[in-house]
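Here is the structure we will look at, set down as structure tokens.
The values are calculated or read from the model by the stated rules, or taken from the named source; none is laboratory data. These figures come from a predicted structure and were not determined experimentally. Glycine also receives a Cβ, built like all others from the backbone with ideal geometry; neighbour counts cover every protein chain displayed. Accessible surface is based on the protein model in full, side chains and every heavy atom, while ligands, DNA and RNA are left aside. Shrake-Rupley method; radii C 1.70, N 1.55, O 1.52, S 1.80 Å.
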Amino acid sequence: MGGVASVAVLILAGWAALSPQPLAWVYIAVVAGFEFWLARRIRTVGNDPVAAGLPPYKFSDDEARLVRRFRFYFAYPVIARDSASVLAAIGLSALCLAPWLTYRLAFLPAALIGLNLFAVARLTRRLAPLLVLRMGASRGEREALDMLSAHDAAWAKIRAGNE
């Protein structure tokens, strides 16, 4: 699903570039609808604390912090991966479409598409923890290093606990 939706977003962005007046608004509506749906799905998973040491998973403290912080990624990994792919397509198309629409004098759609990059960045941080943790680890953040080292162990415990 993620690949098809990503291509659909890119095609819609191309159409919006060719005919900015009606299709830029269609692009904005489709992207906003997807992002609202995704934000609602992430919110329904919640952010409750994950207990360390309890069966069936028996997470360590670092693993429990990791699972709590990226709950949606661990609860729905396929949806998270596909949605991250769509968000990447939205971000890429926005980086190209906003300046083009500005050149074509469609200022309001260009501004909305450009501002949408903040929402894309926020949602991507929730859906792609390895990207976020690797960036933090490269800057030397201790918490990111701890969580990055706990990632594979947490997935191993989840797989073992689900069998």
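Numbers for the structure displayed
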read-out	value
Percentage relative contact order, the range 75-132, counting C-alpha pairs under 8 Å, at least six apart	42 percent
GNM flexibility winner over the chain from Ser83, Ser93, Ser19 (Cα, springs under 10 Å)	Ser19
Residue-level accessible surface for Met1, protein heavy atoms, 1.4 Å, Å²	150 Å²
Solvent exposure ordering (accessible area, 1.4 Å, most first) of Arg139, Arg40	Arg139, Arg40
Length released on extending from Ala88 to Tyr76, taking residue separation times 0.36 nm less the Cα-Cα span	2.5 nm
Accessible area in the full protein assembly, largest first, 1.4 Å probe, for Tyr27, Tyr76, Tyr57	Tyr76, Tyr57, Tyr27
Under 19 Å from the Ala29 label point (7 Å along Cα→beta-carbon), backbone N, the range 6-23	8-23
Accessible area of the chain belonging to carbon and sulfur atoms, whole % at 1.4 Å probe	65 percent
Order of exposure, largest accessible area first, which applies to Ser6, Ser149 with probe 1.4 Å	Ser149, Ser6
Per residue, in Å², the accessible surface of the range 15-163 once ligands and nucleic acids are set aside, probe 1.4 Å	58 Å²
Projected label distance in nm at Leu105 and Ala160, using a 7 Å step from Cα toward the beta-carbon	6.6 nm
Calculated [θ] (222 nm, deg cm²/dmol) that DSSP helices of n ≥ 4 give over the chain, each run adding -39,500 (n - 2.57)	-28000 deg cm²/dmol
Label assignment, log10 I(q)/I(0) by the Debye sum over Cα atoms at q = 0.11, 0.14, 0.20 Å⁻¹ derived from the structure, set (1) -0.70, -0.90, -1.09; (2) -0.82, -0.93, -1.27; (3) -0.53, -0.76, -1.18	(3)
